[in-house]
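Only one structure is covered here, and it is reproduced in the block below.
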Amino acid sequence: MSNLLRDRRTAAEWASVRQVIEIAEKIGSFEQLSSIIEADLAALEADRIPPDWRDSVVAGRLAFGFADARANVPAVECGLAVTVDAVCQRCLQAFRLELATEAKLLLLDLEETADGYDEYEVWELEENALRPQDIVEELLIMAMPFAAMHVDSAACKALSAEADDNDEMTKPFAALRAQMTQD
Ligand SMILES: [Zn+2]
């Protein structure tokens with residue numbers, strides 16, 4: 001079976017058949033995204049790099065259609081999620097980072113504009129044909145945080161060490177924050 005993600009068709013072609021693509025693709029098949037993750041993991045000692053990081057599965061859905069009733073403005077609705085391996089910038093340990101993103105995109109030719117579609121973002125088509133994989137990859141790259149960090153502070157070695165050392169120092173801030181949220 002051919003993989004629709006890698007087919008090239010015009011935006012109008014994808015939209016006119018209301019193409020829906022269910023996605024279950026390994027990270028390893030997204031070249032740019034993989035190289036970003038690989039560069040990030042390179043901060044770790046070689047034996048600390050999770051060996052199967054390329055196997056994390058990108059799950060989600062693209063649904064092509066038109067943004068307008070007259071079927072003039074091709075669009076796509078995207079929902080994507082993946083858990084990638086990343087390096088925490090605070091404690092420099094590997095951890096699993098959940099990425100999730102949703103977007104509604106107008107598929108417009110370069111310098112083309114369309115007014116009145118505020119809930120959409122514009123995706124500029126650099127060529128006639130569009131490869132769904134490129135949209136998925138760019139959305140995920142944009143969803144990557146500038147500096148990845150443990151969300152759960154208990155899991156972050158830098159934070160748990162700080163908490164032990166600076167217990168007295170952090171308390172006033174906690175009290176202040178509690179006060180501010182009350183106001
Ligand atoms: Zn951390």
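The values are calculated or read from the model by the stated rules, or taken from the named source; none is laboratory data. Since the model is a prediction, treat every value here as computed from it, not as a measurement. Note that we place each Cβ from the backbone using ideal geometry, even for glycine, and neighbour counts take in every protein chain shown. All accessible areas refer to the heavy atoms of the entire protein, side chains included, with ligands and DNA or RNA removed. Shrake-Rupley method; radii C 1.70, N 1.55, O 1.52, S 1.80 Å.
Among the residues of segment 145-154, are any assigned to a helix (DSSP H, G or I), surrounded by fewer than 16 Cβ atoms within 10 Å (Cβ to Cβ), of a type outside the set (Gly, Ala, Ser) and in contact (Cβ under 8 Å) with a residue 12 or more places away in the chain? No, segment 145-154 has no match at all. The set of residues in segment 72-86 being more than 26 Å from GLN19 (Cβ to Cβ) and crowded, with 17+ Cβ neighbours inside 10 Å consists of VAL84, ASP85, ALA86.
Applying a threshold of 7 Å to beta carbon distances and a minimum spacing of six or more residues, or different chains, the list of pairs starting in segment 72-90 at a residue that is part of a loop (DSSP other than H, G, I, E, B) and ending at one that is open to solvent by less than 30 Å² (accessible area, probe 1.4 Å) and within 16 Å of the ligand (Cβ to nearest atom) reads CYS88/PHE95; CYS88/ALA148; CYS88/HIS150; CYS88/CYS156; GLN89/ALA148; ARG90/HIS150; ARG90/CYS156; ARG90/ALA158.
Does ARG54 satisfy being farther than 22 Å from PRO132 by Cβ, open to solvent by 90 Å² or more (accessible area, probe 1.4 Å) and over 13 Å from the mean Cα position of the chain (by Cα)?
The answer is no for ARG54.
The residues in segment 16-26 that are surrounded by fewer than 13 Cβ atoms within 10 Å (Cβ to Cβ) and of a type outside the set (A, V, I, L, M, F, W, C) can be counted, and the count is 2. All conditions but one from (1) open to solvent by 50 Å² or more (accessible area, probe 1.4 Å); (2) over 13 Å from ALA11 (Cα atoms) apply to GLU126; the one that does not is (2).
Conditions tested, residue by residue: (1) touching a strand residue (DSSP E or B) at 6+ places or on another chain (Cβ under 6 Å); (2) closer than 30 Å to LYS157 by Cα.
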residue: PRO51; (1), (2): no, yes
residue: ALA63; (1), (2): yes, no
residue: GLY79; (1), (2): yes, no
residue: THR83; (1), (2): yes, yes
residue: CYS88; (1), (2): yes, yes
residue: LYS104; (1), (2): yes, no
residue: LEU107; (1), (2): yes, no
residue: LEU110; (1), (2): yes, no
residue: THR113; (1), (2): no, no
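For segment 3-12, filtering for residues that are among the basic types (Lys, Arg) and surrounded by fewer than 18 Cβ atoms within 10 Å (Cβ to Cβ) leaves 2.
Rundown of residues vs (1) exposed (fewer than 13 other Cβ atoms within 10 Å of the Cβ); (2) outside any helix (DSSP H, G or I); (3) touching a residue at least 24 places away in the same chain (Cβ under 8 Å); (4) of a type in the set (A, V, I, L, M), yes/no style:
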site: TRP14; (1), (2), (3), (4): no, no, yes, no
site: GLY28; (1), (2), (3), (4): no, no, yes, no
site: GLN32; (1), (2), (3), (4): yes, no, yes, no
site: SER35; (1), (2), (3), (4): yes, no, no, no
site: ASP40; (1), (2), (3), (4): no, no, yes, no
site: GLY60; (1), (2), (3), (4): no, yes, yes, no
site: ARG70; (1), (2), (3), (4): yes, yes, no, no
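Within this structure, SER29 fails the test of being closer than 17 Å to ALA143 by Cβ and out of contact with any Leu (no Cβ under 7 Å at 6 or more places or on another chain).
A quick yes/no check of all residues on (1) open to solvent by 90 Å² or more (accessible area, probe 1.4 Å); (2) within 16 Å of the ligand (Cβ to nearest atom); (3) among the aliphatic types (A, V, I, L, M); (4) modelled with pLDDT under 95:
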residue: CYS88; (1), (2), (3), (4): no, yes, no, no
residue: LEU97; (1), (2), (3), (4): no, yes, yes, no
residue: THR101; (1), (2), (3), (4): no, no, no, no
residue: GLU111; (1), (2), (3), (4): yes, no, no, yes
residue: TYR120; (1), (2), (3), (4): no, no, no, no
residue: ILE135; (1), (2), (3), (4): no, no, yes, no
residue: MET142; (1), (2), (3), (4): yes, no, yes, no
